[in-house]
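Trainee: After the structure tokens below, expect a handful of questions from me.
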Amino acid sequence: MLLLVAIIWFGNLEYRKLIRPDEGRYAEIPREMTVSGDWTTPRLNELKYFEKPPLQYWATAVAYEVFGEHQWTSRIWAALTGFAGILLAWFAGTRLFGREAGIYAALLLGSSMLYAMLAHINTLDMGVTFFITLGLFSLLLAQGEERVATRRNWMLLAWAGLALAVLSKGLMGLILPGAALFLYSVFNRDIGVWKRMHWFSGLLLFALIAVPWFVLVIKANPEFFQRFFIYEHFERFTTKVHGRFQPWYYFVPILLLGMMPWTLLMFDTLLRTWRGSVQKARSFSPERFLLVWAVFVYLFFSVSDSKLPSYLLPMFPALALLMGKQLAEMNARRLFWLTLPVLAVVVALLAGAPFADRAADTPLQHEMYGNYSVWLVIAAASWFVGVAGALWLLRRERKMIAVILLSFSSLTAAQLATSGYNTIAPERSSYILAEAIKPLIKPEVPFYSVFCYEQTLPFYLKRTFTLVSYQDEMDFGIKMEPERWIPSVELLAKRWSAQAQAYAIVPTQLFYILQQQGMAMKEIYRDEQYVVVSKP
């Protein structure tokens with residue numbers, strides 16, 4: 001069963017083209033590390049880029065060095081940490097709540113829609129989720145140990161996990177678990193957990209893992225501290241500076257759909273865990289801690305001024321452990337009624353999937369969405385078969401087989417829907433553009449990106465650009481090294497005329513601005529989004 005999960009899990013990493021912006025960005029930064037040899041200062045388009053720490057960049061760069069620069073190597077870290085999270089849920093669930101609960105926890109986590117899909121998209125959230133989960137689950141295992149040496153070893157692993165979480169995505173890897181532990185000790189009136197943290201050896205190990213890179217990068221870039229710790233952490237959470245503001249209820253539909261097909265089981269579990277763990281006050285309760293963690297993560301990001309769907313990921317392993325325990329204690333009849341409404345949702349998806357092209361605004365979108373609808377129909381149909389089969393098995397008291405069937409059909413549906421998104425690649429990826437112009441582009445000739453920065457293009461062309469009249473997320477890097485960009489089209493026109501060879505890419509609807517400058521240009525590529533020109 002594990003082998004089958006692995007085949008389904010890793011089978012489509014190379015199939016899809018990179019999608020902008022995140023997949024292009026997080027594939028390109030490690031590529032530039034391998035080219036420059038500088039693994040201390042992250043750069044995007046050769047500009048300093050201090051939004052995130054380097055652990056995933058390093059891991060991806062190592063994959064590039066060993067296996068080459070491919071789509072699958074750019075995604076391998078997210079997929080590996082996602083898969084490792086499933087194994088971790090199995091192991092921790094087995095140790096804490098029993099073998100059956102551990103198996104259920106792994107099945108539920110790997111088949112939850114949001115978790116399964118985001119494990120196959122190149123973002124940083126799956127990596128930080130795994131290491132936070134490693135820290136939290138190790139903490140739970142440590143607190144249940146009577147032997148001091150064994151408890152110390154588990155706590156050292158917990159501290160190491162949190163250190164790697166900090167290197168994955170910053171201070172949230174330490175602040176969120178610390179705040180959740182504080183809230184747990186208040187709600188459960190349990191201060192004993194703080195006495196069993198092995199502070200000296202734990203903090204020493206944490207510092208040895210997490211601190212060296214910060215020292216090196218600040219030494220090389222004194223401006224790093226303000227940009228990373230103040231702007232990227234404090235201002236991101238408390239202001240709308242990143243343009244990701246959403247209302248407080250933003251995560252409601254994401255959680256409801258992202259936890260499918262286990263949404264009703266989740267609510268049932270949360271309620272029963274709260275009621276069932278009350279009597280365990282004043283002693284350490286893994287169930288209560290996991291409950292506090294899941295609720296805290298949801299509320300923390302709900303009040304934040306910066307929201308993205310992937311921010312909920314750290315909830316999912318904790319919820320999977322709680323649901324796995326609950327499922328092991330639940331009879332098949334109750335699970336049947338908690339699963340039955342999923343059938344209606346899947347039928348609605350199956351009925352609506354053929355009409356995906358109605359969301360199109362252009363002829364190209366109409367064609368792409370029509371092609372995507374075929375994938376959605378197949379995904380919904382496979383999911384329907386799994387849900388219907390699981391319900392049939394539950395009526396016959398075959399709970400374990402029913403959960404396995406539902407889990408595999410849900411994971412397969414998620415993978416089909418994710419893979420099918422490749423039909424929209426012409427609109428969300430520059431792969432076709434890159435393949436068209438690659439034979440015409442000389443690596444030593446300047447290439448200007450005017451009014452835009454197509455995030456996936458540098459990875460496919462294996463080169464960077466000179467930005468013209470465009471900053472966006474690279475504004476900080478431009479301020480640090482203003483000589484690496486051109487602030488206006490007028491200055492570009494002067495430089496263009498003085499150079500023997502040059503290329504430029506510009507949004508199609510803004511191409512007329514270059515023409516107004518009287519620049520001598522030859523079109524070498526054009527589509528609905530971009531025009532690429534060279535000097536004739």
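Bear in mind that the values in this text are calculations on the coordinates, not laboratory data. None of the values given here were measured: they were computed from a predicted structure. No Cβ is skipped: glycine too gets one built from the backbone with ideal geometry, and neighbour counts run over all protein chains shown.
Trainee: If you take every residue apart from Trp90 with its C-beta less than 12 Å away from the C-beta of Trp90, what net charge results, scoring Lys and Arg +1 and Asp and Glu -1?
Mentor: Values: positive: Arg95, Arg99; negative: Glu100.
Value of the local net charge: +1.
Trainee: Checking the cross-link filter: which lysines have an alpha carbon closer than 16 Å to that of Lys494, excluding same-chain neighbours under 8 positions apart?
Mentor: Lys535
Trainee: To continue, here is another question. Please give the helix 199-220 orientation as an angle from the longest Cα principal axis of the chain, in degrees from 0 to 90, rounded to the nearest 10.
Mentor: With rounding to tens, the tilt is 10 degrees.
Trainee: While we're on this one: Among 51-64, 2-15, how do they line up from the highest to the lowest mean number of other beta-carbon atoms within 10 Å? Spell out each step's value before the answer.
Mentor: Working: 51-64: 21.3, 2-15: 14.1.
Listed from highest to lowest mean packing, they are 51-64, 2-15.
Trainee: Find the eigenvalues of the gyration tensor of the Cα atoms of segment 431-534, then list the square roots of 5 times those eigenvalues as equivalent ellipsoid semi-axes, largest first, in whole angstrom.
Mentor: 19, 17, 14
Trainee: Let me ask something else about it. Report, to the nearest 10°, how far helix 172-187 tilts away from the longest principal axis of the Cα atoms in the chain, using its own Cα long axis and a range of 0 to 90°.
Mentor: 30
Trainee: If you place +1 on the Cβ of every Lys and Arg, -1 on the Cβ of every Asp and Glu, and leave all else neutral, what size is the dipole of the chain about its Cα centre, to the nearest 20 Debye?
Mentor: Roughly 1640 debye, rounded to the nearest 20.
Trainee: Measure nothing fancy, just the Cα-based angle from helix 332-352's long axis to the longest principal axis of the chain, in degrees from 0 to 90, nearest 10.
Mentor: On a 0 to 90 degree scale, this one is about 20.
Trainee: Next up: Counting only the backbone N, which residues of segment 160-183 are under 20 Å from the spot 7 Å out from the Cα of Phe229 toward its beta-carbon?
Mentor: The answer is 162-179, whose backbone nitrogens lie closer than 20 Å to the label point.
Trainee: I've got another one for you. Cα centroid distance between segment 115-181 and segment 511-536, in Å?
Mentor: Computed from Cα coordinates, the inter-centre distance equals 50 Å.
Trainee: Can you list which of the GluC sites (Glu not before Pro) found in segment 80-164 are DSSP loop residues with at most 15 other C-beta atoms within 10 Å?
Mentor: Glu145, Glu146
Trainee: Do any trypsin sites (Lys or Arg not before Pro) in segment 106-158 lie in a loop, going by DSSP, with at most 15 other beta-carbon atoms within 10 Å of their beta carbon, and if so which?
Mentor: Answer in residue order: Arg147.
Trainee: Taking 32 Å as the cut-off for C-alpha to C-alpha distance, list the pairs among Lys219/Lys442; Lys462/Lys522; Lys169/Lys195; Lys17/Lys325 that go past it.
Mentor: In this structure, Lys219/Lys442; Lys17/Lys325 exceed 32 Å between Cα atoms.
Trainee: I'd like to compare 408-414, 426-432, 496-502: which one has the highest average count of other Cβ atoms within 10 Å, and what's the full order after that?
Mentor: In descending order of packing, they fall as 408-414, 426-432, 496-502.
Trainee: Let me ask something else about it. Which label marks the calculated value of Cα extents along the principal axes in Å, given the options [x] 80, 61, 59; [y] 79, 57, 42; [z] 107, 90, 48?
Mentor: [y]
Trainee: Which GluC sites (Glu not before Pro) in segment 162-241 pass both tests, a DSSP loop state and at most 16 other beta-carbon atoms within 10 Å?
Mentor: Details: sites: Glu223, Glu232, Glu235; in loops: Glu223.
Loop-located and lightly packed - Glu223.
Trainee: Which whole-angstrom value gives the distance between the alpha carbon centres of segment 44-90 and segment 299-344?
Mentor: A separation of 27 Å, based on Cα centres.
Trainee: In a shell of Cβ-Cβ distance under 9 Å around Leu433, excluding Leu433 itself, what net charge do Lys and Arg (+1) and Asp and Glu (-1) give?
Mentor: In short, -3.
Trainee: So what is the calculated 222 nm ellipticity per residue for the chain, using -39500 (n - 2.57) for each DSSP H run with n of 4 or more, over all residues, to the nearest 500 deg cm²/dmol?
Mentor: Rounded to the nearest 500, it is -20000 deg cm²/dmol.
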